[in-house]
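Here's the structure, in structure tokens; my notes come after.
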Amino acid sequence: MHLEPADAGEVSLWLSDAEFDRPTSDLIERLGGDEELLLALQLSGFADRDWNPVAEELARYGLAVITSWIHKRTIFSKVKRRTGYGLPTLVDWPGDQHTVVELADDVVIEALSYFKNNVLIAGKWDPTKGASLRTYFIGQCLFRFPNCYRRLFDAELLRRTNEIIADDDSIALVARTLHGIEDAVITSDAVRHALRSITTPRARSALVMHAQGYPYQEIADYLGIAGGAKAIENMITYQKKRARRSS
């Protein structure tokens, strides 16, 4: 699912350099400050020779900030506050350094492209409103975070689902759970139809775990689903009804 913020060009002043736990770079100051830097970029038509050093500095700064926030798990509350998007979470993910770095890289790369083309070139950043160039860029990183995060999150859920579905018997359990099939023999067509009817990786994981006898609360904890046992029960009930309507 691709998320589009209502206004990705506005960054409220609650963001500040002090919040980043990171010394501010002096590149912009060396180049004359935010307004002078923007004017130089505009006069050159954002030529690579002028834009690339700025992009590299913003990328280094953005990576330091976003990586730190992911590690501290404060990124989710900051994204919610700035964009309004609440994101699903897993207690133990992302935890490994490789995934954290991959996520931060994706966020910064997308933010740089958007920042250049849709903010700076489009003239949406107004330095007189109080948000510095760095602050505004971090705001864009927060707007880009949900889509980047969901791609990796869905891939992680699929990986966990594949771990849970270890054999044909497990898949057959899903088919029986969805369709109420009592016969011990489950055809391959029934299995394929059952799996196609599941709408999301999280729902698939929940159904497989439910079919294997896991309690609702344990499923919710494993998949990081807010609402706990009741949310899982509602999800499974919905998927069963949907599968039976489509059969």
(message) Run the numbers for LEU39 and LEU158: contour at 0.36 nm per residue of separation, minus the present Cα-Cα distance, in nm.
(response) 38.1 nm
(request) Would you mind ranking GLU102, GLU57 so that the residue whose beta carbon has the fewest other beta carbons within 10 Å leads the list? (result) GLU102, GLU57
(request) Just grab the label-to-label distance for TYR238 and GLU102, each label 7 Å out from Cα along the Cβ direction, in nm (one decimal). (result) 2.8
(request) Please get the size of the charge dipole for region 55-155, origin at its Cα centre, with Cβ charges of +1 on Lys and Arg and -1 on Asp and Glu, quoted in debye to the nearest 20. (result) 520
(request) State the volume of the convex hull built on the alpha-carbon positions of region 17-151, expressed per residue in Å³ and rounded to an integer. (result) 110
(request) May I ask you to derive the FRET efficiency for ILE121 and ARG150 from their Cβ-Cβ distance with R0 = 30 Å, giving the value to the nearest 0.05? (result) 0.65
(request) Can you tell me which of 131-137, 214-220 comes out highest on packing, and rank the rest after it, using the mean Cβ neighbours within 10 Å? (result) 131-137, 214-220
(request) Return the distance in nm (one decimal) between the two label points of a simple spin-label model at LEU87 and THR128, each offset 7 Å from Cα along Cα→Cβ. (result) 3.5
(message) For HIS71, HIS210, which order do you get if you count the other beta carbons within 10 Å of each Cβ and list the fewest first?
(response) HIS71, HIS210
(request) Using θ = phi - 60° and the Karplus relation 6.51 cos²θ - 1.76 cosθ + 1.60, list the HN-Hα couplings for region 205-210 in order, rounded to whole Hz, with x at every Gly or Pro. (result) 4, 4, 5, 5, 5, 4
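The numbers here are math on the coordinates, done by the rules we state, and not lab data. A quick note: this is a predicted structure, and the numbers were derived from the prediction, not measured. Glycine also receives a Cβ, built like all others from the backbone with ideal geometry; neighbour counts cover every protein chain displayed.
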